[in-house]
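The values are calculated or read from the model by the stated rules, or taken from the named source; none is laboratory data. Because the structure is predicted, anything quoted here is derived from the model rather than measured. Heads up, the Cβs are rebuilt from the backbone with ideal geometry, glycines too, and the neighbour counts pull from every protein chain shown. Note: areas computed on protein heavy atoms with side chains; ligands, DNA, RNA excluded. Shrake-Rupley method; radii C 1.70, N 1.55, O 1.52, S 1.80 Å.
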Amino acid sequence: IGRHGTSRVAKAVLISSIPPLMLKTPANPAGLPMEIFDGLRANVQADRSQFFTDLSAPFYGANRPGNKVSDGLRHSFWLQGMLCGYPAAYYCIKAFSESDCTEDLKKFDVPTLILHGDDDQIVPIDDSAHLSVKLIQGAQLKVIPGAPHGMCSTRKDEINADLLAFFRQSASKAA
């Protein structure tokens, strides 16, 4: 939206998204320090397979008491990670950590729903959704209690119901 406008966009949804900026900078003092992302890159370089195995636990909240995350879902995550090449895995970390989407978010001029779990260990809600909703005029924030970053898999029925309600709401207002 920020780069190409909204002439062909009716509505937008951000789910567990990184904006506005993950990295700690003078303009974003609450962000995560570069050392965190350097550590992720080092782990990808050292053993990409183990990196994706380990990352699947916090991604889906499998490291939380009482979780019901299947081994199959975690294996699927590992497989998806392994399907990308080393350079893509490595440079993806730069893209999601250092991309500043602040100005892009300010350009949103369509109904926008932001869905984020309050137990997202990958993209902390305070560094993303709570900031994004302030930048996108008229955006709605729906916090999913206890949901992890991978909530589209672990809480798919709830997420799909929220999406359907938002699309119906927007369509009825436009009519």
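Hey, quick one: spin label on Ala30, modelled 7 Å out along Cα-Cβ, who in the stretch 96-135 has an amide N within reach, i.e. under 13 Å? Of the residues in the stretch 96-135, 124-135 have backbone N under 13 Å from the label point off Ala30.
What would the Debye equation give as log₁₀ I(q)/I(0) for the chain at q = 0.10, 0.18 Å⁻¹, counting only Cα atoms as equal point scatterers? Taken in order of the listed q values, log10 I(q)/I(0) reads -0.43, -1.28. Between rounded, prolate and oblate, where does the stretch 8-77 land on the alpha carbon gyration tensor, with a ≥ b ≥ c its root eigenvalues, rounded for a/c under 1.5, else prolate if a/b exceeds b/c? Taking the square roots of the gyration eigenvalues as a ≥ b ≥ c, the stretch 8-77 is oblate.
Dividing the summed -39500 (n - 2.57) terms of all DSSP H runs of n ≥ 4 by the residue count of the chain sets its mean residue ellipticity at 222 nm at -16000 deg cm²/dmol. Between the Cα long axis of helix 156-174 and the first principal axis of the chain there is an angle of about 20°, rounded to the nearest 10.
With both labels modelled 7 Å from their Cα along Cα-to-Cβ, the Val9 to Gln121 distance reads 3.2 nm. Restricting the stretch 47-124 to trypsin sites (Lys or Arg not before Pro) that sit in a DSSP loop and have at most 10 other Cβ atoms within 10 Å of their own Cβ leaves Lys68. With the cut-off at 1.5 for a/c, could you classify the stretch 55-129 from its C-alpha gyration tensor as rounded, prolate or oblate? Oblate, because a/c is 1.5 or more while a/b does not exceed b/c. Site pair His130 and Val110 shows an inter-label distance of 2.9 nm when each label is modelled 7 Å from Cα along Cα→Cβ. Rolling a 1.4 Å probe over the protein heavy atoms gives the chain an accessible area of 57 Å² per residue.
Between 0 and 90 degrees, the angle of helix 71-83 with respect to the longest Cα principal axis of the chain falls at about 90 degrees. Pairs of Lys residues in the chain are counted when their Cα atoms are under 27 angstrom apart and they lie 8 or more places apart or on different chains; the count is 28. When the Gaussian network model of the chain links Cα atoms closer than 10 Å, the mean-square fluctuations of Ala89, Ala46, Ala147 top out at Ala46. If you plug the beta carbon distance of Asp47 and Ser76 into 1/(1 + (r/R0)^6) with R0 = 25 Å, you get a FRET efficiency near 0.80.
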